[in-house]
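Trainee: After the structure tokens below, expect a handful of questions from me.
The values are calculated or read from the model by the stated rules, or taken from the named source; none is laboratory data. These figures come from a predicted structure and were not determined experimentally. Positions of Cβ are backbone-derived with ideal geometry, glycine not excepted, and every protein chain shown enters the neighbour counts. SASA here: full protein model, heavy atoms, side chains in, ligands and nucleic acids out. Shrake-Rupley method; radii C 1.70, N 1.55, O 1.52, S 1.80 Å.
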Amino acid sequence: MATPGLRELAAARGLWVGACVAARPLADDPEYGEALRRECNLLTPENDMKWGPIHPTRERYDFSRADAIVQFAAAHGMAVHGHTLAWHNQNPEWLAPAADSRAGAIGILREHIAAVAGRYAERVDVWDVVNEAVAGDGTLRGTLWLERIGPDYLEIAFRAAAAAAPRARLVYNDFGAEPTNAKADGIYQLLRRLLDVGVPLHGVGFQCHLTDKGVDLESFARNLERFAGLGLELYVTEMDVRLPLGTPGQTSALGTPLPATPESLGHQAAIYGGVLETCLAFPTFRAFQTWGIADRYSWIPRRFAGTGAALPLDDQYHPKPAYAALHERLAAA
Ligand code: XIL
């Protein structure tokens, strides 16, 4: 390769750079694996370590796809970021009826974390222990775990993760809390309280699912500053920047959404570059990850109709201006 990939540049700075990954294209699409090997020294399973996929029935775990991802990472010298041990989405159907009392719910949560984090204790370097526990107004989100266990479910989850995976970095991860808004304030208070009572918590993840409005970088920097002040490591865990692909319902003659323009791609590049540059100013910034390596398998067009083209590589794995922006920031001294 004439130019180094992002991976080589990040490694030279002692950083992780990566993407979420799915087991199916890893098995089917050789270009996918090739792009991951070139660009990433850290991978997050996109869905395959979530409760539903990995623990489909009360008595049975299905580690097959998570194992395949972890083996791919090990074979190519990549670290793994596990996702996630307590969340309100993508839970198996058996869970709500089974977790029918506080003691029952705590038992199920502990048993699951012991099994999953324990299995990958030597292979998963970072865990999103709790995902998205805070609502937009900064209070705890009403989830199954909050309802059945109470607010100490977070502490229980982090302690169980530390017991099962003593070498992993343990992270709280959320979205929409990049600037200093009410949600970020709530997360800050929550994590401060957890640290005060000695909960094993090492980092905070900012998902960074952004639109073409980007994020106020000054506010983002102030926010990172206060979390770093708690002694926490900083992670960008799921970045994408979705672009409007034509007005809703409007498509090309072939029925496909209208493509991004040079202007929108340039604007997107500035957002990616700005976020990474802001993070690089913090000594405890550990990892920059995008939610997918290339537009080909991005969740965005399915989740946010009329938008797409959200990642640094396009659906043919060609670098976009956003890729160049990341490359430039990582290469800068
Ligand atoms: C998304 C996946 O990308 C999709 O494939 C799935 O259908 C839904 O979940 N925040 C998270 C991720 O923490 O787990 C979500 O991933 C995206 C938002």
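Trainee: Which angle between 0 and 90 degrees, to the nearest 10, do you get for helix 30-39 versus the longest principal axis of the chain when only C-alpha atoms count?
Mentor: The angle comes out near 80 degrees.
Trainee: Can you list the HN-Hα couplings for the stretch 136-148, worked out from phi with the Karplus curve (6.51, -1.76, 1.60; θ = phi - 60°), rounded to whole Hz and with x for Gly and Pro?
Mentor: x, 8, x, 8, 5, 5, x, 10, 3, 5, 5, 5, 8
Trainee: Can I ask one more? Residue 21's amide H: which non-local residues (gap 5+, or another chain) put their own amide H closer than 5 Å, with H modeled 1.01 Å from N in plane and none for Pro or chain starts?
Mentor: For residue 21, the qualifying residues are 44, 46.
Trainee: Which net charge results when you count Lys and Arg as +1 and Asp and Glu as -1 among the other residues whose beta-carbon is under 12 Å from that of residue 138?
Mentor: -1
Trainee: Return one whole number: the accessible area per residue of the stretch 50-111 in Å², for a 1.4 Å probe. Show your work: numbers first, answer last.
Mentor: Details: 2640 Å² over 62 residues.
The answer is 43 Å² per residue.
Trainee: Could you list which residues have their amide H under 5 Å from that of residue 82, counting only those 5 or more apart in sequence or on another chain, with H placed in the peptide plane?
Mentor: Close amide H contacts, sequence-distant or interchain: 125, 126, 127, 128.
Trainee: List the lysines whose alpha-carbon lies under 29 Å from that of residue 50, not counting same-chain residues fewer than 8 positions away?
Mentor: Result set, ordered by chain and number: 183.
Trainee: Quick check: the angle from helix 262-280's long axis to the longest principal axis of the chain, C-alpha only, nearest 10 degrees?
Mentor: Computed tilt is about 50 degrees.
Trainee: Of the DSSP beta bridges with both residues in the chain, give the percent that are antiparallel, rounding to the nearest 5.
Mentor: Around 15 percent of the beta bridges assigned by DSSP in the chain are antiparallel ones.
Trainee: About the Cα centre, and with charges only on the beta carbon of Lys, Arg (+1) and Asp, Glu (-1), how big is the dipole of the chain? Nearest 20 debye, please.
Mentor: So the magnitude is around 520 debye.
Trainee: Separate question: Can you give me the % of accessible surface on the stretch 1-160 that is carbon or sulfur? Probe 1.4 Å, all protein chains present, nothing else counted.
Mentor: Details: 3180 of 6450 Å².
Summing carbon and sulfur atoms, their accessible area is 49 percent of the total for the stretch 1-160.
Trainee: Here's something else I'd like to know. What number, rounded to the nearest 500 deg cm²/dmol, is the helix-based mean residue ellipticity at 222 nm of the chain, given -39500 (n - 2.57) per DSSP H run of at least four residues and division by all its residues?
Mentor: Value at 222 nm, helices only, nearest 500: -12500 deg cm²/dmol.
Trainee: Could you provide, to the nearest whole Å², the per residue accessible area of the stretch 130-284 with probe 1.4 Å?
Mentor: So the stretch 130-284 comes to 41 Å² accessible per residue, rounded to a whole number.
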